[in-house]
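So the structure is just underneath, and the comments pick up after that.
The values are calculated or read from the model by the stated rules, or taken from the named source; none is laboratory data. All values reported here derive from a predicted model rather than from experimental measurement. Backbone-built Cβ (ideal geometry, glycine too); neighbour counts: all protein chains shown. Keep in mind that these areas ignore ligands, DNA and RNA; they rest on the heavy atoms of the full protein, side chains included. Shrake-Rupley method; radii C 1.70, N 1.55, O 1.52, S 1.80 Å.
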Amino acid sequence: KITENAKKSLASLKRENPRLEPTLAIVQAHNDHLIQEINKKFAKEVGLRVIHICLAEGSSKDEIVNEILRLNEDPNVQGLALDLPESLYSSKVLNAVKPEKDVDGLSDVNLGRLVRGDAYDCLVPPTACAVMELLEDLGRKTVLLVGAGGAVGTALQCMLQREGAVTLSCQWKAPQLRTKLHHADVVVVGSTKPDDVPVSWIKPGTTIITCSHDLLSEKHNYGQQNNHAPENTVGSLAIAMRMQNMVKNTERWIQSQKYRKWDLRCLKLQPLSPVPSDIEISRAQSPKAVDVLAKEIGLLTDEVEIYGQTKAKVRLSLLERLKDQPDGKYVLVAGITPTPLGEGKSTVTIGLVQALTAHLNVNSFACLRQPSQGPTFGVKGGAAGGGYAQVIPMEEFNLHLTGDIHAITAANNLLAAAIDARILHENTQSDKALYNRLVPVVNGVRGFSAIQLARLRRLGINKTDPGTLTEEEISKFVRLDIDSSTITWQRVVDTNDRFLRKITVGQANTEKGFARQ
């Protein structure tokens, strides 16, 4: 029944969202393939996709936490469950799972919501749900939890008490165990019963429910003695409840992906009169940490590449995740009469976004070009806007940002150096010397690289053995024959340095007189 209801709910969600493919990731650190197969079977019945991450038996808690943190940030995984040995269910491991992906409901956040009574805002542990499903009419009955601790035990106690049951808990080695077993109407067993605890301690007619972490184990030693009710195992029922939780989680995930107003906390302005300089205004305002801003506007951790405290790049994978969202409006701020000091396009752009986002609660952002150091250090100044409508920190934006302009400069100048070096070598060396440098003998063997074979094919030379080339083919292969008078690749710098506008290169003695403007 539970599986069928989950299947219908998921089918309804898929009709509304045709591209939906909800994925449950299960981290496993044991060799019991039976649990893995039953999870897959139930998931297939419901219509869910399951991926098993099978870690080596004996994996440490740190290794498991690292895998959990990776799955937390995977936008293609909507739910995360753990199938681990009992010893690995520590607070560190359980709380590593993001609460919004915690389909087993074992994190402190989910458990806290359950205890507070926010049942609609949390996911209840499937084992606890399965136990409650098996019990009926609990009013004034005494329920004893034996060996059921941790998150599942806490969730069970909370749910049983809400149903009016008198709840007791006890460990197998506790001296008062016999007395409590004798008075209990229901016994919920959370771990394997030791052999030295006889079944005769349980009073006749007692309902026994087994919910150890080995959910599917049918090897219990209670028997049918003493006329107590037959034992119930939550096994498959708990896994069905897990799949039901996954469907609920998928519904929440769909809601979270829909367009919504940003939960943005705007920085408060405190305008002064007379208005201070731009740099004073920038330094007087403490900027918001960029990772906080990213969360406020709904970016995932792996969609943001952070540079320091106030800068970040947004990865283009974001476009794939948001492809089903409606397009917004694109507003271009332009100027038609350039002035030496600029027309104020950046200031107007920033001011518009401040008005739209901070005052009208419209999701909007500004797109500005990275300033060049030329105008920044000239009469025009920076391009961060001005006054109280500017990008902060102003110095970082105007001077360096994420360093891309310097990387482009380095790449451009690397090509310039390579071109001039190649011209020099071709002008001063024979074909044979060039060939020995380009295709050297290594360990007695001379061979072409993949890129050299591609060049040979472009030249119409279909040979792969370096020793078979003719002198004419060697000459065609080693020489690019760059004409420095017609091909120019200039060196660049992102500064208006007037004395570099026209320069002569190659004046050192080592360049052998091959100087050029």
Review point. Which percent of the accessible area of the chain is formed by carbon and sulfur heavy atoms (probe 1.4 angstrom)?
Key: 54 percent
Check your understanding: Over the Cα atoms of the stretch 233-302, what Rg and Dmax result, in angstrom?
Key -> 22.6, 77
Review point. Which value in Å does the Kirkwood hydrodynamic radius of the stretch 278-402 take, with 1/r averaged over all unlike C-alpha pairs and then inverted?
Key: 16.1 Å
Check your understanding: What helices does the chain have that are whole DSSP H segments, at least 24 Å long along their own axis by Cα, and with mean Kyte-Doolittle hydropathy of 0.0 or more?
Key -> 404-428
Check your understanding: What is the distance in Å between the Cα centres of the stretch 105-135 and the stretch 281-305?
Key -> 34 Å
Practice item. For the chain, build the charge dipole from Cβ charges (+1 Lys, Arg; -1 Asp, Glu) around the Cα centre, then report which of Gly386, Thr142, Thr339 sits farthest towards its positive end. Key: Thr339
Check your understanding: At what distance in angstrom do the alpha carbon centres of the stretch 484-517 and the stretch 456-475 lie from each other?
Key -> 34 Å
Study note, to complete from the structure: Packing-ranked peptide list from 156-163, 465-472, 235-242, highest mean Cβ count within 10 angstrom first, is 235-242, 156-163, 465-472
Revision key, fill the gap. Summed over the other residues with a beta carbon less than 15 angstrom from that of Leu69, with K and R at +1 and D and E at -1, the charge totals -3
Check your understanding: Under a plain spin-label model, where a point goes 7 Å from the Cα along Cα-to-Cβ, how far apart in nm are Glu471 and Val166?
Key -> 11.1 nm
Check your understanding: So if R0 is 51 Å, what FRET efficiency would Arg265 and Val197 give, r being the distance between their Cβ atoms, rounded to the nearest 0.05?
Key -> 0.35
**Study point:** the chain: relative contact order in percent, alpha carbon pairs under 8 Å with at least 6 residues between
**Key:** 9 percent
Point to revise | Compactness index (Cα Rg / 2.2 N^0.38 Å), the stretch 405-511 | key: 1.34
Exercise for review: Would you please state which residues of the stretch 283-316 a label at Asn66 would reach in this model, taking the label point 7 Å out along Cα→Cβ and a backbone N cut-off of under 20 Å?
Suggested key: 302
Point to revise | Within-10-Å neighbourhood charge of Pro125 [Cβ basis; K, R +1; D, E -1] | key: -1
Check your understanding: Taking the highest mean first, how do the peptides 448-455, 420-427, 349-356 order by number of other beta carbon atoms within 10 angstrom per residue?
Key -> 349-356, 420-427, 448-455
**Study point:** Modelled FRET efficiency - R0 45 Å, Lys295 with Asn413, Cβ distances, 0.05 increments
**Key:** 0.70
Exercise for review: Calculate the translational D of the stretch 1-251 in whole µm² s⁻¹ from Stokes-Einstein, where the hydrodynamic radius comes from the Kirkwood formula applied to all Cα pairs, the temperature is 25 °C and the viscosity 0.890 mPa s.
Suggested key: 130 µm²/s
Revision key, fill the gap. Once normalised by the length of the stretch 278-402, the mean sequence separation of its alpha carbon contacts under 8 Å that are 6 or more apart gives a contact order in percent of 26 percent
Check your understanding: Contour minus end-to-end for Leu134 and Phe377, with contour as 0.36 nm per residue of separation and end-to-end as the Cα-Cα distance?
Key -> 79.9 nm
Study note, to complete from the structure: The answer for Ile209, listing residues at least 5 apart or on another chain whose modeled amide H is closer than 5 Å to its amide H, is Val187, Val188, Val189, Asn232
**Study point:** Heavy-atom surface of the chain, accessible at 1.4 Å and reported per residue (Å²)
**Key:** 59 Å²
**Study point:** More than 20 Å apart - percent of Cα-Cα pairs taken over the stretch 28-116
**Key:** 37 percent
Practice item. Calculate, in nm to one decimal, what Val115 and Phe499 gain on full extension: separation in residues at 0.36 nm each, minus their alpha carbon distance. Key: 130.9 nm
Point to revise | Within the chain, percent of DSSP bridges classed antiparallel, to nearest 5 | key: 25 percent
Exercise for review: Scan (i) 26.8; (ii) 25.4; (iii) 30.2 for the value of Kirkwood radius over Cα pairs in Å calculated from this model and give just the label.
Suggested key: (iii)
Review point. Out of residues 5 or more away from Val50 or on other chains, whose amide H comes under 5 Å of its own, with H placed 1.01 Å from N in the peptide plane?
Key: Leu24
Exercise for review: Calculate the length of the line joining the C-alpha centroid of the stretch 334-380 to that of the stretch 38-96, in whole Å.
Suggested key: 47 Å
Revision key, fill the gap. Toy charge model, Lys and Arg Cβ at +1, Asp and Glu Cβ at -1: the chain dipole around Cα centroid in debye, rounded to 20, equals 1000 debye
Study note, to complete from the structure: Note to self, the chain gives a 222 nm [θ] from helices alone (DSSP H runs n ≥ 4, -39500 (n - 2.57) apiece, / all residues, nearest 500) of -11000 deg cm²/dmol
Study note, to complete from the structure: In this structure, the FRET efficiency calculated for Glu45 and Gln325 from their beta-carbon separation, with R0 = 41 Å, to the nearest 0.05, is 0.85
